[in-house]
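Here's the structure, in structure tokens; my notes come after.
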Amino acid sequence: MYQTLMKWKQEEQGRKALMIDGARRVGKSYIVEEFARNEYESYILINFAHVENEVLGFFEDYKTDYDALFMHLSLFYRVKLHERNSLIIFDEIQFYPQARAAIKYLVADGRYDYIETGSLISINQNVKDILLPSEERHVKMFPMDFEEFLWAMGEDMLMPYIEDCFAKMQPLGQAFHRRAMDYFRQYVIVGGMPQAVQEYVTTKSFERVDAEKRDILQLYRSDIRKYATGYESKVARIFDTLPGQLQKHEKKFKLSALKERARFREYESSFLWLEDAMVINVCYSASEPSVGLRLKLDDSTLKCYMGDTGLLISLAFDEKTIESEELYRKLMLDKLEINKGMLVENVVAQMLRSSGHELYFFSNYSKENSEDTMEVDFLVRKATVSSRHNIIPIEVKSSTKYTLTSLGKFRKKYGMQLASSVVLHSSDVMVKDDVLYLPLYMACLL
């Protein structure tokens, strides 16, 4: 994200504000303030979640008098502003949409740079009655990815080697693969929320990490009660049933788990709320692997993954039924009797999403012809579009023993539309029968 901020500053030169959208506690405010401190002569951070009434009054009283607005902000925050070398940060912008509406005119004024951060910024009540500025570049911020986790662990050299092996499609070798998988298991368990990672780096205590994650989950539940206006109970129900849904072999979300004879249209807004909050990653069913996957989606058939796999683990296990250290130790040693597919599929969804992919899967059932019954975990478009062979089918395998029946049928039926098929598994790199077998930690490189 720091590199994204640098690119924006250098390329835009104040012509566009930057809006960073992300889940609560993903580190938006921290990274922006760090950037402001290092890259500008001065900055003002206005946190609209805890803003003083006087500051709101400045925005009301000086809507068209920017000389007065900047003078009052400078005096209030005791910060001298420097033309073209100061940054003004609108933190938690969703709490004061009027400031977001003013971005159009503040950018046109041209004196300073502007960054906005927020969660739930697309929710209706947060954009009601305002004109969204076209002078705003929108980027999403996700939990720390596997490479960033390695940096936090002081391991700077492993990912460049993984990337090199990926580019050459050659194995890492037993020693380095084992090291990568050990870090990857830690990443799955700890997750990518910065507070949890920081706690793990500092204490190596899974119990302390678990406490941090449960604090974040409690914050999410509080947000649901406060902001999911009109359908709080439906959103909370979806949120709490996520682990149970993912634990099943068939991971399509079953509405019957929410209410008998439930219909999708009853819950559509609730799924969208959680997706907008970036608490979940929604994976939609695509009816065929065409280059325009969005044109082929069935938005009433979906899979829901937790935005962060570490949070999923804490959500899945009641802290009263099992001690955190015992739970995590068994997870690390691969001795916990759970459906591991739940965790590895969730972390692959997380890695694909943070790499910029929208999430799609393929599922078809036929009573008449078993050859037409198949399911493929993920479909992603290759980087360079050509006249054919544009879609990469991905199967995710959590165990060392598995079959590829569905993938075989899928390749047979849609071969002309597919690029190389990928199986993500716990073993090293291998190429066989035009299928790329890649270790799970390479999901971020697809």
Exercise. Being over 30 Å from M306 (Cβ atoms), in a loop (DSSP other than H, G, I, E, B) and either touching a Leu at 6+ places or on another chain (Cβ under 8 Å) or touching a residue at least 24 places away in the same chain (Cβ under 8 Å) (or both) narrows it down to one of S134, S74, so name that one.
Key: S134
Practice problem: Check the range 328-344 and report whether any residue there is of a type in the set (D, E, K, R) and touching a strand residue (DSSP E or B) at 6+ places or on another chain (Cβ under 8 Å). | Solution: no
Quiz item: Which numbered condition trips up A316, out of (1) within 20 Å of L407 (Cβ to Cβ); (2) surrounded by fewer than 23 Cβ atoms within 10 Å (Cβ to Cβ); (3) at pLDDT 80 or above?
Solution: (1)
Quiz item: Quick one: which of F59, F90, F76 is among the aromatic types (F, W, Y) and either out of contact with any helix residue (DSSP H, G or I) (no Cβ under 9 Å at 6 or more places or on another chain) or loosely packed, with under 15 Cβ neighbours inside 10 Å (or both)?
Solution: F76
Quiz item: In the range 137-157, how many residues are part of a loop (DSSP other than H, G, I, E, B) and of a type in the set (D, E, K, R)?
Solution: 3
Quiz prompt | When residues of the range 227-248 are limited to those that are more than 11 Å from Y267 (Cβ to Cβ) and among the aromatic types (F, W, Y), the one surrounded by the most Cβ atoms within 10 Å (Cβ to Cβ) | solution = F239
Quiz item: So is Q195 modelled with pLDDT of 95 or more, within 27 Å of I280 (Cβ to Cβ) and surrounded by fewer than 19 Cβ atoms within 10 Å (Cβ to Cβ) or not?
Solution: yes
Practice problem: Output the number of the condition that L87 fails; it satisfies all remaining conditions of (1) at pLDDT 95 or above; (2) aliphatic (A, V, I, L, M); (3) assigned to a helix (DSSP H, G or I). | Solution: (3)
Exercise. Can you run down the residue pairs with Cβ atoms below 8 Å, 6 or more apart or on separate chains, where the first is in the range 1-29 and without any contact (Cβ under 8 Å) to a residue 40 or more places away in the chain and the partner is surrounded by fewer than 15 Cβ atoms within 10 Å (Cβ to Cβ)?
Key: Y2/E34
Exercise. From I115, I123, grab the single residue that is at pLDDT below 80, within 21 Å of the chain's Cα centre (by Cα) and within 21 Å of K28 (Cα to Cα).
Key: I123
Quiz item: Which ones in the range 29-56 are in a helix (DSSP H, G or I) and hydroxyl-bearing (S, T, Y)?
Solution: S29, Y30
Practice problem: Determine the pairs where a residue that is touching a residue at least 60 places away in the same chain (Cβ under 8 Å) and closer than 16 Å to T301 by Cβ, located within the range 264-282, has a partner that is among the small types (G, A, S) and part of a helix (DSSP H, G or I) with Cβ atoms under 7 Å apart, the partner being 6 or more residues away or on another chain. | Solution: N281/A349
Quiz item: If Q245 passes every condition in (1) out of contact with any Phe, Trp or Tyr (no Cβ under 6 Å at 6 or more places or on another chain); (2) modelled with pLDDT under 90; (3) assigned to a helix (DSSP H, G or I) but one, which one does it miss?
Solution: (1)
Self-check item: Meets criteria (among the small types (G, A, S), more than 25 Å from S370 (Cα to Cα) and surrounded by fewer than 15 Cβ atoms within 10 Å (Cβ to Cβ)) for S386
Solution: yes
Quiz item: So which residues in the range 396-413 are aromatic (F, W, Y) and surrounded by fewer than 18 Cβ atoms within 10 Å (Cβ to Cβ)?
Solution: Y402
Quiz item: What are the residue pairs meeting all of these: first residue in the range 404-432, first residue in the same structural domain as F184 (by TED's automatic domain parsing) and in contact (Cβ under 8 Å) with a residue 60 or more places away in the chain, second residue among the small types (G, A, S) and part of a helix (DSSP H, G or I), Cβ atoms under 6 Å, and 6 or more apart or on different chains?
Solution: L424/A443
Exercise. Output the residues belonging to the range 343-385 that are within 23 Å of the chain's Cα centre (by Cα) and β-branched (V, I, T).
Key: V344, V347, V348, V376, V380
Quiz item: What is the number of the single condition among (1) over 19 Å from the mean Cα position of the chain (by Cα); (2) closer than 23 Å to M278 by Cβ; (3) buried (at least 21 other Cβ atoms within 10 Å of the Cβ) that C165 does not meet?
Solution: (2)
Quiz prompt | One residue from D145, D223 being crowded, with 16+ Cβ neighbours inside 10 Å, over 19 Å from E326 (Cα atoms) and modelled with pLDDT under 95 | solution = D223
Practice problem: Return only the number of the condition from (1) part of a helix (DSSP H, G or I); (2) among the hydrophobic types (A, V, I, L, M, F, W, C); (3) within 16 Å of D113 (Cα to Cα) that F59 does not satisfy. | Solution: (3)
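The values are calculated or read from the model by the stated rules, or taken from the named source; none is laboratory data. Remember, it's a predicted structure, so these values are computed and weren't measured experimentally. Neighbour counts are summed over all protein chains in view; Cβ atoms, including those assigned to glycine, are modelled from backbone coordinates with ideal geometry.
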